[in-house]
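Read the structure below first, then the notes.
The values are calculated or read from the model by the stated rules, or taken from the named source; none is laboratory data. This structure is a prediction, so every number in the text was calculated from the model and none was measured. Neighbour counts run over all protein chains shown; Cβ positions are idealised from the backbone, glycine included.
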Amino acid sequence: MTKIAIILGSTRPGRNGEAVATWVRDIAARRSDAEFELVDLAEFPLPHYDEPMPPSMGVYTNDHNKSWSAKIAEFDGYVFVTPEYNHSTSGVLKNAIDYLYTEWNNKAAAFVSYGGVGGARAVEHLRLIASELQLATVRGQVAISLMTEFKNYSEFTPNDYLLPQVDTMLDQLVSWSKALEPLRASGSEQAAA
């Protein structure tokens, strides 16, 4: 079964992302074409990258990196739930992404963002980052406005018009995750050789 992680990309106290990520997970849980798991970065406290070797080498000495690597390697695709901070993604999400390399390769990624303009600029940056990591990003995404989908900018109250956007995004993500299986399999064979 295809496995998809919904990565909650904020650890800020009082974060809006937890409600958004839970909402996405609850919608995804109704599906039978993949398994979905919420991965909360607050449960993987990663300092700024602190390994002596670059992530592309796959040599990890710290337990926090080994744990993060093992978790991310479990999945075939990812939904990144990101806030927009200063026209980009959160530092904690960027740091977590930068910790790894091969664990992301030949997998698919989708984005759910929130912010003043729906978090669109955060996703623009994440798409560039994903390209370098050999993550195939799908076109469908969900951009959530703080002004229309949050009461007092803090209580998530999503409107039903967002539901088809989530479904389209997940349809594309599951399809691309499955389509990339042969590439992941050949990568595993090469690594074993």
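Structure notes:
- Residue ID - surrounded by the fewest Cβ atoms within 10 Å (Cβ to Cβ), chosen from residues in the range 146-182 that are over 28 Å from Gly17 (Cα atoms) and either at pLDDT below 95 or under 19 Å from the mean Cα position of the chain (by Cα) (or both): Ala179
- Test: residue in the range 185-192 that is among the aliphatic types (A, V, I, L, M) and crowded, with 18+ Cβ neighbours inside 10 Å: no
- Lone qualifier among Glu84, Glu103, Glu51 - being over 25 Å from Glu35 (Cα atoms), crowded, with 17+ Cβ neighbours inside 10 Å and either of a type outside the set (A, V, I, L, M, F, W, C) or in contact with a Leu (Cβ under 7 Å, 6 or more places away or on another chain) (or both): Glu84
- Only one of Arg121, Arg139 that is among the basic types (Lys, Arg) and part of a helix (DSSP H, G or I): Arg121
- Ile144 vs. criteria in contact with a helix residue (DSSP H, G or I) (Cβ under 7 Å, 6 or more places away or on another chain), assigned to a helix (DSSP H, G or I) and within 19 Å of Glu84 (Cβ to Cβ): no
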